[in-house]
Structure formats: C-alpha cells, structure tokens
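Colleague: Here you go, one structure.
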Amino acid sequence: MADKNPELMEKIISLAKRRGFVFPGSEVYGGLAGTWDYGPYGVALANNIKNLWWKRFVIEREDIYGIDAAILMNPKVWEASGHVAGFHDPLTEDLKTKKRYRADHILGDNGIDPTGMTPEKMSDAIREKGIKSPEGNPLGEVRQFNMMFKTHIGATEDETSISYLRPETAQGMFVNFKNLLDTLHPKLPFGMAQIGKAFRNEIAPGNFIFRLREFQQMEIEYFVHPNEWRNNFDTFLALQKDYLVNDLGLDEARIHQVEIAPEDRAHYSKHSVDTEFDFPIGQRELLGIAYRTDHDLKSHIETSSVDLTYYDEEKGERFIPHCIEPTFGFERLILAVLSNGYMEDEMNGEARTFLKLSPNVAPVKAAVFPLLKNKPELVAKAREVYQMLKKEILNIEFDDNGNIGKRYRRQDEIGTPYCVTIDFDTLGENPELKDTVTLRDRDTGEQKRVHINDLASLIKN
Ligand code: ATP
C-alpha cells in the first residue's frame with residue numbers, strides 16, 4: 001500500500017498552477033467544486049497523452065474504429081444502460097453542518113470494509129460503531145444518490161424533457177454499433193474508441209483532479225464472440241499497462257492490477273480489473289477494464305427494438321456480441337504523470353524542483369535561449385536555431401525571459417527535457433566553436449557542446 005503524502009499533493013497542485021498546467025475552475029468566483037481548467041502546458045501535456053493513446057489503440061490497429069458521439073443523448077439510452085436505476089453512490093449527511101459524504105468512504109476511513117454492504121447495512125454500521133462525520137457530528141441515514149446530472153432539453157421543463165449529461169462515453173459507442181456495422185462492415189472481433197467528456201455529480205469531489213464532476217474518458221468497446229472474451233480481456237489488460245509504462249513513462253513499480261470482487265463490480269460487469277497507481281493520496285484506481293458481456297447491446301435491443309445482432313457469414317451464426325471495455329480516466333492519467341515525474345534535488349548548491357517527464361509526453365521538447373536578452377546578435381541567432389528546430393520538432397519554445405538560471409528553473413518545472421543556449425562562441429568568438437551551442441539535460445543538468453546541425457536528431461532521439 002502506498003503511503004499518503006498530502007504535502008506532495010499540495011506541491012503538485014501548486015506547481016500545476018504556477019507553471020500553467022491546471023487552474024481551479026471559475027477561480028475568480030471562488031471556484032466550482034469538482035471542476036478544473038487546463039492552462040497552455042496542461043493542454044499540451046493532455047494532447048500528447050491523448051495522441052499516444054489514439055495512435056496505439058486506433059491508428060496503429062486495423063480492428064478499432066474511432067468515433068465521437070454527442071454528450072447529450074436520448075434519455076432512453078440511460079434507462080436501457082441501467083444508469084437511471086442503478087448509477088448510485090451511498091450518501092450520508094452530517095446532521096449539523098448538512099455537509100454530505102460518501103458513506104462507503106466514511107466507513108473505510110473508520111476501518112470498516114464497505115464491500116457489498118447495502119445502504120441499510122451501512123446505516124447500521126455507522127450507528128453501532130458510533131461513527132461521526134469528520135467534523136465530529138452525528139451522521140444521518142445512508143441513502144442512494146444518483147450521480148447523473150439532469151438537464152432539460154428544449155423550452156419545456158417537465159418530466160418529458162428530462163435528459164442527462166453522459167456519465168460515461170461508452171453508451172455513445174453502443175448506440176453507434178449498428179452504424180458501424182452498416183457502413184464499414186467490420187468482422188469480429190473489432191472495437192470502437194472514443195475520447196470525450198463525462199459528467200458525474202460526485203458527492204464528494206476532491207483530491208485535485210482525481211475526483212471531478214466534469215472529466216474526460218478514453219474508452220474502447222471491443223466486441224467479441226461470447227467464447228472469446230477471456231483472451232481478449234487479458235490482452236487488453238496487458239496493453240493498458242504497456243501504454244502506461246512505455247508510452248507515458250510511468251514507473252512500473254507504482255502500478256498495481258487488482259481484480260474487483262463480484263459484489264463491488266459495476267452493475268454491467270461480470271469481470272473487472274482495476275489498474276491502481278501509487279498517487280500522493282495512496283494506492284487508488286487509475287483506470288479499469290470490464291467484461292460488459294452483452295448487457296448493453298441486449299438492453300438497447302430490448303428498449304429500442306432495433307436489431308443490434310451480428311451475423312457471422314462464415315459460420316452462419318447470428319448472435320449478440322459480447323464486449324470488453326478498457327476505460328482510461330484521463331485526468332487521473334494527468335495526475336499520475338505529474339506525480340510520477342515530480343522530483344526535488346539540489347543543483348549547484350540550490351534546491352530545485354523538476355518534472356521528470358518522458359519526452360513522449362513533455363509539453364515542450366526543447367527550449368531555445370539566447371544567453372543574453374539584450375544582445376541582438378545572440379537573439380537573432382537563437383531565433384534562427386528555434387525556427388530551424390521547429391520545422392522538425394513541433395513543441396519547441398523560445399525563451400528569453402529573465403536570466404538564464406530562471407529560464408532553466410522554469411523549463412525544469414515544465415518538464416522540458418532539453419535546453420539549448422546560444423552564446424558568443426556560437427557566433428564565432430572562439431572560431432573553433434562557431435555554430436555550436438550548449439545542450440543541457442534536464443535530469444542531470446549536464447551541458448555539452450553540440451553542432452547546430454546535430455541538434456534536431458539529438459533532441460529527437
Ligand atoms: P471510482 O470508483 O473512483 O468512483 P469508477 O470505478 O466509478 O471510479 P468507472 O466508472 O470505471 O470509475 O470509470 C472509468 C474511469 O473513469 C475510472 O477508472 C477513472 O479513471 C475515471 N473516473 C471515474 N470517475 C471519475 C471522476 N469523478 N473524476 C475523474 N475521473 C473519474
């Protein structure tokens with residue numbers, strides 16, 4: 001079990017804000033619980049993480065198709081999926097402050113395993129053990145709370161106009177299953193993939209971007225013959241880890257795959273494995289994979305009366321495909337990448353903070369500086385090198401703010417793997433060093449002189 005490190009979490013939140021990764025949502029109005037906004041480096045980091053995922057799971061494969069479905073869906077979708085009836089979390093209220101808590105979390109914090117407990121059982125446990133709210137007040141009866149955000153579609157606000165903001169991206173794929181069959185005629189096994197927003201009215205959002213009310217998911221629905229679920233499940237479970245370690249550069253020792261007990265699985269799942277990560281808040285769920293059986297397609301057939309079966313021409317067999325769902329919570333990936341990379345050390349006698357990000361995900365691949373800002377010939381040469389690199393590598397930054405030490409500190413905290421400095425030797429003050437620059441390594445601080453012509457390939461590799 002990973003230790004909790006609230007101090008580290010505070011440092012990450014502070015760095016994320018200071019360097020323009022993640023800002024509190026609606027901050028000038030005091031924020032809005034469960035929402036955060038991405039700043040420029042956050043967007044760049046986010047795009048890298050999404051692009052690596054899309055490349056691995058969609059572009060490089062012939063059997064997975066990308067889609068992008070609407071967030072607002074016909075409310076019947078959520079009746080069929082079981083979310084209207086069953087997408088609940090257990091809620092209990094501090095009877096004095098009226099603050100609301102997840103009853104299962106309160107029990108867990110008090111050493112009681114809430115796995116498989118009904119709300120009634122949770123109420124009993126709270127009563128019997130005399131458990132109080134974190135403020136020390138009595139707690140009310142536990143009841144189920146539906147986490148979907150309700151809204152009204154159109155000008156009339158009554159029962160007939162109710163719709164929901166989607167609590168998962170998955171259903172957008174199930175309702176497009178037939179469109180995919182009819183247009184691209186894929187053969188089983190095949191999948192659909194989507195990256196998009198999901199909304200959950202979490203009872204207790206918090207822990208920075210770990211538990212949000214508005215977040216993003218990257219999900220795959222992979223359709224298989226019912227006899228083929230197990231091998232496909234295991235393959236995707238391995239691929240999830242591979243993505244975390246080899247694409248995002250997460251430390252393998254901090255990743256734990258945990259099988260979920262039957263009574264703790266989502267209502268649609270017959271087998272689930274969560275991938276947990278050692279976050280600063282302890283070992284917690286990063287992403288998951290579920291065997292959704294034919295639950296969703298079958299429910300949509302029953303509710304919509306549309307035929308969502310698959311016909312295997314070779315075997316002459318018609319059936320409802322079963323589904324394996326690897327799901328990746330996007331913000332938790334960002335938090336994992338930031339906490340995995342957050343480092344403190346000492347360099348040249350000074351304390352320093354840096355983000356040891358994999359170059360795959362680093363928002364800036366290299367930063368180019370003129371040694372001095374007020375020497376036009378240095379600035380011109382630095383601009384020339386910057387333009388040259390930018391043609392070959394997209395995320396290159398030009399930086400001439402403050403002194404060189406400040407620039408290094410800034411780039412270290414952004415996680416930029418390399419800094420390139422143009423100095424008087426580059427201009428030919430020492431003729432032997434003409435057209436060479438210093439290339440500084442983020443992790444070691446080591447600087448070496450390299451020729452401008454070798455820069456792009458050195459940075460890329
Ligand atoms: P948890 O148990 O933490 O509430 P969950 O098991 O309900 O999560 P899933 O329904 O499996 O989550 O959703 C898939 C993924 O979406 C999760 O693995 C997680 O990474 C992410 N996720 C779920 N809820 C949130 C949230 N409120 N904020 C941020 N990410 C979330």
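The values are calculated or read from the model by the stated rules, or taken from the named source; none is laboratory data. This structure is a prediction, so every number in the text was calculated from the model and none was measured. For neighbour counting, all protein chains shown are included, and Cβ atoms are generated from backbone atoms with ideal geometry for every residue, glycine included. The protein model used for the area step is the full one, side chains on, heavy atoms only, and it has no ligands, DNA or RNA in it. Shrake-Rupley method; radii C 1.70, N 1.55, O 1.52, S 1.80 Å.
Colleague: Can you tell me which of 42-54, 86-98 comes out highest on packing, and rank the rest after it, using the mean Cβ neighbours within 10 Å?
Modeller: 42-54, 86-98
Colleague: Among 421, 35, what's the order by accessible area (1.4 angstrom probe), most exposed first?
Modeller: My answer, sorted largest first, is 35, 421.
Colleague: Shape call for the range 213-259 from the C-alpha gyration tensor, a ≥ b ≥ c root eigenvalues: rounded (a/c under 1.5), prolate (a/b greater than b/c) or oblate?
Modeller: Oblate is the answer for the range 213-259, as a/c is 1.5 or above yet b/c matches or exceeds a/b.
Colleague: Per the helix-only calculation at 222 nm, which mean residue ellipticity applies to the chain, given -39500 (n - 2.57) for every DSSP H run of n ≥ 4 and division by its residues, nearest 500 deg cm²/dmol?
Modeller: For the chain, the value works out to -9500 deg cm²/dmol.
Colleague: Whenever you get a sec, line up 346, 384, 168, 135 from highest to lowest accessible area (probe 1.4 Å, protein heavy atoms).
Modeller: Largest to smallest exposure gives the sequence 346, 384, 135, 168.
Colleague: Report Rg/Rh for the chain, rounded to two decimals, where Rg is the Cα radius of gyration and Rh the Kirkwood radius.
Modeller: 1.04
Colleague: Would you mind pulling out the separation of the Cα centroids of the range 364-421 and the range 270-296, in Å?
Modeller: 41 Å
Colleague: Strictly over 21 Å apart at the Cα level, which of 121/298; 365/391; 178/241; 11/96; 76/270; 98/197 would you flag in this model?
Modeller: In this structure, 121/298; 178/241; 11/96; 76/270; 98/197 lie more than 21 Å apart at Cα.
Colleague: Could you give me D for the range 52-207, from Stokes-Einstein at 10 °C and 1.306 mPa s, where the hydrodynamic radius is the Kirkwood radius over C-alpha pairs? Units µm² s⁻¹, please.
Modeller: Result for D is 85 µm²/s.
Colleague: Karplus couplings for the range 228-236 from phi (6.51 cos²θ - 1.76 cosθ + 1.60, θ = phi - 60°), rounded to Hz, Gly and Pro as x?
Modeller: Each residue's phi maps through the Karplus curve to give 10, 6, 5, 5, 5, 4, 5, 4, 5 Hz.
Colleague: Taking the Cα centre of each part, how many Å lie between the range 229-265 and the range 137-193?
Modeller: Each part reduced to its Cα centre gives a spacing of 25 Å.
Colleague: Next question. Amide H to amide H, which residues 5 or more places from residue 151 or on other chains are under 5 Å from it, using H placed in the peptide plane?
Modeller: Here the answer is 163, 164, 165, since their amide H atoms fall under 5 Å of that of residue 151.
Colleague: A further question follows. Quick one: grab the alpha carbon gyration tensor of the range 165-240, order the square roots of its eigenvalues as a ≥ b ≥ c, and give me rounded if a/c is under 1.5, else prolate or oblate depending on whether a/b is larger than b/c.
Modeller: The shape class here is oblate.
Colleague: Moving on. Determine one quarter of the surface area of the Cα convex hull of the range 1-87, which equals its mean projected area, and express it in nm² to one decimal.
Modeller: 10.3 nm²
Colleague: Using Cα pairs under 8 angstrom and six or more residues apart, how large is the relative contact order of the chain, in percent?
Modeller: 14 percent
Colleague: Okay, moving on. Placing unit charges on C-beta atoms (Lys and Arg positive, Asp and Glu negative, everything else neutral), compute the dipole magnitude of the range 1-112 about its Cα centre in debye, rounded to 20.
Modeller: Using only the charged Cβ atoms, the result is roughly 320 debye.
Colleague: Now for a separate question. Pulled fully out, how much extra length does the chain show between residue 451 and residue 314, if you take 0.36 nm times their separation in residues and subtract their Cα-Cα distance?
Modeller: Full-extension gain reported as 43.2 nm.
Colleague: Can you sort 273, 175 by solvent-accessible area, 1.4 Å probe, largest first?
Modeller: Per-residue accessible area, sorted high to low, gives 175, 273.
Colleague: Taking the full set of protein chains and a 1.4 angstrom probe, give the accessible area of residue 304 in square angstrom, rounded to the nearest 10.
Modeller: Approximately 60 Å² of residue 304 is accessible to the 1.4 Å probe.
Colleague: Right, another one. For residue 233, tell me the accessible area in Å² from a 1.4 Å probe, rounded to the nearest 10.
Modeller: That residue has around 0 Å² of solvent-accessible surface.
Colleague: Okay, moving on. Grab every C-alpha pair in the range 107-180, bin the distances at 10 angstrom width from 0 up to the longest one, and report whole percents.
Modeller: It works out to 15, 27, 21, 23, 12, 1, in whole percents.
Colleague: While we're on this one: Taking 22 Å as R0, compute the FRET efficiency from the Cβ-Cβ separation of residue 383 and residue 430 and round it to 0.05.
Modeller: Rounded to the nearest 0.05, the efficiency is 0.50.
Colleague: Enumerate the residues in the range 248-273 having an amide nitrogen under 12 Å from the point lying 7 Å beyond the Cα of residue 234 toward its Cβ.
Modeller: Those under the cut-off are none; the list is empty.
Colleague: Packing-wise, with mean Cβ within 10 Å as the measure, how do 144-150, 184-190 rank, highest first?
Modeller: For the peptides 144-150, 184-190, the packing ranking is 144-150, 184-190.
Colleague: A further question follows. Can you give me the long-range amide H partners of residue 23? Hydrogens built in the peptide plane at 1.01 Å from N, cutoff under 5 Å, separation of 5 or more residues or another chain.
Modeller: 37, 38, 39
Colleague: Sticking with this structure for a sec: I'd like the projected area of the range 298-367, averaged over all directions, using the convex hull of its alpha carbons. Report it in nm² with one decimal.
Modeller: With the hull built on Cα positions only, its mean projection is 9.7 nm².
Colleague: Still on this structure, please answer the following. Give the long-range amide H neighbours of residue 5: residues separated by 5 or more places, or on another chain, with amide H under 5 Å away, using H modelled in the peptide plane at 1.01 Å from N.
Modeller: Amide H neighbours of residue 5: 281, 282.
Colleague: Over the range 139-285, calculate the relative contact order: mean separation of alpha carbon pairs under 8 Å at least 6 apart, over the residue count, as a percent.
Modeller: Relative contact order, the range 139-285: 16 percent.
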